[in-house]
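One structure is given here, and the rest of the page talks about it.
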Amino acid sequence: MEIKLNEEGATTVVSLVGRLDTTTAPQLEECSNELNAKGVTSIAVNMAECDFVSSAGLRVIVAMQKRAVSTGGSLEFRNVQPEVMDVFDMTGFSKILTFA
């Protein structure tokens with residue numbers, strides 16, 4: 001998986017390219033930790049080029065969501081592919097995440 005970072009005003013956009021699975025989830029976790037260490041509180045995750053999320057990826061996503069809530073920040077998901085949205089719906093994540 002490739003992770004691309006862009007700034008849109010006060011929001012950092014994290015674009016995921018490829019699969020978010022057991023092998024690649026640590027990359028997103030590390031990226032999230034680095035953004036947190038830099039004091040970034042507004043994050044948008046662009047999933048236009050991410051077509052698969054495993055349970056390991058979901059674990060990282062829920063950790064990012066908890067951190068956003070606990071720090072008064074924001075986390076939103078953009079351009080979620082239908083296959084990934086199905087996973088979010090089946091796991092109940094669609095009820096706790098914000099989508100744009």
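The values are calculated or read from the model by the stated rules, or taken from the named source; none is laboratory data. For clarity, every value in this text was computed on a predicted model and none was experimentally measured. Reconstructed Cβ throughout: ideal geometry from the backbone, glycine too, with neighbour counts over all protein chains shown. Ligands, DNA and RNA are excluded from the accessible area calculation, which covers all protein heavy atoms including side chains. Shrake-Rupley method; radii C 1.70, N 1.55, O 1.52, S 1.80 Å.
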Requested in this report: Please indicate, with yes or no, whether at least one residue in segment 42-54 is over 19 Å from Met85 (Cα atoms) and free of Cβ contacts under 8 Å to residues at least 12 places away in the same chain.
Outcome: no
Query raised in the report: Does Val13 count as within 11 Å of the chain's Cα centre (by Cα), at negative phi and either without any contact (Cβ under 8 Å) to a residue 12 or more places away in the chain or open to solvent by less than 80 Å² (accessible area, probe 1.4 Å) (or both)?
Result: yes
Query raised in the report: From the list Ser32, Ser70, Ser42, which one is surrounded by fewer than 12 Cβ atoms within 10 Å (Cβ to Cβ) and hydroxyl-bearing (Ser, Thr, Tyr)?
Result: Ser70
Query raised in the report: Considering segment 80-90 alone, what residues qualify as being touching a strand residue (DSSP E or B) at 6+ places or on another chain (Cβ under 6 Å) and surrounded by fewer than 16 Cβ atoms within 10 Å (Cβ to Cβ)?
Result: Gln81, Glu83
Report task. Within segment 43-62, identify whether any single residue is over 18 Å from Ser94 (Cα atoms), at pLDDT 95 or above and under 10 Å from the mean Cα position of the chain (by Cα), and answer yes or no. Result -> no
Requested in this report: Mind listing whichever residues of segment 63-93 are over 13 Å from the mean Cα position of the chain (by Cα) and either more than 20 Å from Arg19 (Cβ to Cβ) or at pLDDT below 95 (or both)?
Outcome: Val69, Ser70, Thr71, Gly72, Gly73, Gly92
Report task. Could you run through segment 45-67 and say how many residues are open to solvent by 60 Å² or more (accessible area, probe 1.4 Å) and either small (Gly, Ala, Ser) or outside any strand (DSSP E or B) (or both)? Result -> 4
